[in-house]
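The values are calculated or read from the model by the stated rules, or taken from the named source; none is laboratory data. No experiment lies behind these values; they were computed from the predicted model shown. Cβ placement follows ideal geometry from the backbone for every residue including glycine, while neighbour counts extend to all protein chains displayed.
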Amino acid sequence: MDVKKATTSLCGGLGAEPPLGDRNCKSNFLANKNKPFLHLVIIGNTNHGKTTLVAAITKVATEHYQLRKAISYAQINNPQKERCWGYDVYISYAEYETPNRQYLLMDFPSNIDFIKYTASHSALWDGAVLVISASQGVEKQTREQIQLISQLVPKIVVFVNEYVQFDKFDDVMEQILKEEINELLGEYGYSDSPIIFGSALQALENPKSEQGNKILQLLESIDTFIETPQHYLEKPFLMPIEFVYPVENDSNCVLACGRVNQGVLKVKAPVSLVGLGLNKEVIVKDIIMYGKSFDKAYSGDTPSLVLQNVTLADVKAGQVLAKPNTITAHSKFSAYVYWLSKEECELVRSYYSGYKLDFYFSVLDIAGTLILIDDYKTTSGEHMKIYAELVTPVIMSIGSRVTILNNKKRVGLGFVTEVLD
Ligand SMILES: Nc1nc2c(ncn2[C@@H]2O[C@H](COP(=O)(O)OP(=O)(O)OP(=O)(O)O)[C@@H](O)[C@H]2O)c(=O)[nH]1
Ligand SMILES: [Mg+2]
């Protein structure tokens, strides 16, 4: 097998289970590697104007900066179906670019798609754009979405939509709405979020108008308020292994694919291969992305690493590659979990604190005890914070994905929000 050719095709997705950084493949960020590339998600209640705002953002960015093509509302409102750990999720991707950065914006057609995607992927977004309709204000779904991303997304920028329709929307009402939004964001640890008032629809219809300028203001706020995820680069290198392949004609090498969660890896550097009973130092012989060799892989990249002096029997999905002596295993954690609905789950029932379930980290299935707050019980189709204690410690970090099984049947999807012990 030609390793580079093979990894090019891997980047396009691996059948049912896409690699973690699959979304990167939709972008051409490698074409402009010296400009930071950020992932944003657009959130907000149904019908508050999310998709219109995404279209307006790409339109205004194109008109003003002339760096990329605009994407129409119709294109964004036609989401792709993706298989997400065995479940169908609908997502739209839209790219835009400013002189400083490149962005990939993700828009979900429904709240349930957003919840399923968030619950089943590791730390994903560098920031979020929250849309709130001026006429409707903050709604229950808005709060739930902020709660869901609060452990994962460092910064939120707010756009209050349909503002111009309301002649009666005076300074006092604007102030009241701002306070309501700030209070809500403050509850989940967000402070100083810029709040821009405007009309996505009018900006889309006339990007050079005053409303177009509001979108420009939004773009500038995103550029300055949402930080370039540099801090992940300063942390020690860490990459969970998602897929493993043999290297043809070289039984001393193995190809390990995944997404770099943090840090920078240099080719030929020693790394620890840890987990599933193994802790071994190995050398990274080559770093391959999109069919090309690179001398470094950065946080956010999705490389295929050629590991030297290991056999296929050593390397397994579920292990991690890390800077030597930087990681340990844990047995207690909290997680945000979506309990599969009646339509999605073969085993519908409620669980209480103390219930024994299996917690599946990548390929690793570990028995553990569920702990819920205030004697709460779980309900199918609901999402909530849980605690759990495993019988054996496993390598995990904030954002690690966990699937919950009962009697070998998947009942919940989630991600680790806190590592406790
Ligand atoms: N009058 C007015 N209508 C708007 C504005 N922004 C969006 N709309 C309209 O509101 C409706 C919903 O907008 P979308 O952008 O599809 O809303 P959404 O949040 O993506 O909706 P879902 O994807 O269904 O959750 C559409 O008919 C838009 O044309 C605005 O600023 N003013
Ligand atoms: Mg929409």
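For the stretch 42-71, how many residues are more than 16 Å from ligand 1 (Cβ to nearest atom) and at negative phi?
Of the residues in the stretch 42-71, the ones more than 16 Å from ligand 1 (Cβ to nearest atom) are 61-69.
Still in the list and also at negative phi: 61-65, 67-69.
Qualifying residue count for the region: 8.
Of all residues in the stretch 62-83, count the ones that are within 15 Å of PHE108 (Cβ to Cβ) and of a type in the set (D, E, K, R).
2
This table checks each residue for (1) touching a residue at least 24 places away in the same chain (Cβ under 8 Å); (2) more than 14 Å from ligand 1 (Cβ to nearest atom).
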position: SER133; (1), (2): yes, no
position: GLU139; (1), (2): yes, no
position: ILE149; (1), (2): yes, yes
position: GLU179; (1), (2): no, yes
position: SER191; (1), (2): no, yes
position: PRO194; (1), (2): yes, yes
position: GLN202; (1), (2): yes, no
position: ASN206; (1), (2): no, no
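Inspect the stretch 226-246 for any residue being more than 30 Å from LEU273 (Cα to Cα), touching a Lys or Arg at 6+ places or on another chain (Cβ under 8 Å) and surrounded by fewer than 20 Cβ atoms within 10 Å (Cβ to Cβ) and give the result as yes or no. Reasoning before the result, please.
Within the stretch 226-246, the first condition is being more than 30 Å from LEU273 (Cα to Cα), and the residues that meet it are 226-227.
Still in the running and touching a Lys or Arg at 6+ places or on another chain (Cβ under 8 Å): 226-227.
Adding the requirement that they be surrounded by fewer than 20 Cβ atoms within 10 Å (Cβ to Cβ) leaves 227.
The answer is yes; a qualifying residue exists.
Could you tell me whether any residue of the stretch 276-299 is basic (Lys, Arg) and in a loop (DSSP other than H, G, I, E, B)?
Going residue by residue through the stretch 276-299, those that are basic (Lys, Arg) are 280, 285, 292, 296.
Add one more test, that the residue is in a loop (DSSP other than H, G, I, E, B), and what stays is none.
No; the residues of the stretch 276-299 include none that is basic (Lys, Arg) and in a loop (DSSP other than H, G, I, E, B).
Please go through the stretch 359-389 and give me each residue that is free of Cβ contacts under 8 Å to residues at least 40 places away in the same chain, part of a strand (DSSP E or B) and surrounded by fewer than 18 Cβ atoms within 10 Å (Cβ to Cβ), ordered by number.
Residues satisfying the conditions are ILE366, ALA367, THR369, ILE371.
Quick check on this structure: which one of GLN151, GLN145 is within 16 Å of ligand 2 (Cβ to nearest atom) and either surrounded by fewer than 20 Cβ atoms within 10 Å (Cβ to Cβ) or within 23 Å of the chain's Cα centre (by Cα) (or both)? Before the answer, list the steps.
Values: GLN151 fails: within 16 Å of ligand 2 (Cβ to nearest atom).
Checking each option against the conditions leaves just GLN145.
Could you check how many residues of the stretch 390-415 are surrounded by fewer than 18 Cβ atoms within 10 Å (Cβ to Cβ) and in contact with a Phe, Trp or Tyr (Cβ under 7 Å, 6 or more places away or on another chain)?
Matching residues across the stretch 390-415 total 2.
In the set LYS81, LYS69, LYS50, which member is modelled with pLDDT under 95, in contact with a strand residue (DSSP E or B) (Cβ under 6 Å, 6 or more places away or on another chain) and over 22 Å from THR228 (Cα atoms)? Quick ask: steps written out before the conclusion?
Details: LYS69 fails: in contact with a strand residue (DSSP E or B) (Cβ under 6 Å, 6 or more places away or on another chain); LYS50 fails: modelled with pLDDT under 95.
Of the residues listed, the single one that is modelled with pLDDT under 95, in contact with a strand residue (DSSP E or B) (Cβ under 6 Å, 6 or more places away or on another chain) and over 22 Å from THR228 (Cα atoms) is LYS81.
Considering each residue of the stretch 302-348, count those that are assigned to a loop (DSSP other than H, G, I, E, B), in contact (Cβ under 8 Å) with a residue 12 or more places away in the chain and over 30 Å from VAL284 (Cα atoms), and give that number.
Taking the stretch 302-348 and keeping what is assigned to a loop (DSSP other than H, G, I, E, B), we get 302-303, 309-316, 318, 323-328, 340-348.
Of the ones still in play, those that are also in contact (Cβ under 8 Å) with a residue 12 or more places away in the chain are 302-303, 309-312, 314-316, 318, 323-328, 340-342, 344-348.
From what is left, the residues that are over 30 Å from VAL284 (Cα atoms) are 340-342, 344-348.
Residues in the stretch 302-348 being assigned to a loop (DSSP other than H, G, I, E, B), in contact (Cβ under 8 Å) with a residue 12 or more places away in the chain and over 30 Å from VAL284 (Cα atoms): 8 in total.
Looking at the stretch 156-274, what strands (runs of 3 or more DSSP E) fall wholly within it and have at least 2 residues that are at pLDDT 85 or above and over 25 Å from ALA55 (Cα atoms)? Can you show your working first?
Values: elements: 156-161, 195-197, 238-246, 253-258, 264-266.
Output list reads 238-246, 253-258, 264-266.
Determine which single condition ALA335 fails, assuming it passes every other condition in (1) assigned by TED's automatic domain parsing to the domain that holds PRO246; (2) surrounded by 20 or more Cβ atoms within 10 Å (Cβ to Cβ).
(1)
If you go through the stretch 95-111, how many residues are out of contact with any Lys or Arg (no Cβ under 7 Å at 6 or more places or on another chain) and within 16 Å of ligand 1 (Cβ to nearest atom)?
6
Looking for something in a loop (DSSP other than H, G, I, E, B) and of a type in the set (Lys, Arg) - is there at least one such residue anywhere in the stretch 131-154?
The initial filter retains those residues of the stretch 131-154 that are in a loop (DSSP other than H, G, I, E, B), namely 134-139, 150-154.
Right, trim to of a type in the set (Lys, Arg) and you get none.
The answer is no; no qualifying residue exists.
Okay, residues lined up against (1) hydroxyl-bearing (Ser, Thr, Tyr); (2) over 30 Å from ILE395 (Cα atoms):
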| position | (1), (2) |
| --- | --- |
| SER199 | yes, yes |
| ALA203 | no, yes |
| ILE226 | no, no |
| GLU242 | no, no |
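From the list ILE404, ILE366, ILE371, exactly one residue is of a type outside the set (Lys, Arg) and either within 20 Å of LEU152 (Cβ to Cβ) or touching a Cys at 6+ places or on another chain (Cβ under 7 Å) (or both). Which is it? If you could, list the steps in order and put the result at the bottom.
Values: ILE366 fails: either within 20 Å of LEU152 (Cβ to Cβ) or touching a Cys at 6+ places or on another chain (Cβ under 7 Å) (or both); ILE371 fails: either within 20 Å of LEU152 (Cβ to Cβ) or touching a Cys at 6+ places or on another chain (Cβ under 7 Å) (or both).
The conditions single out ILE404.
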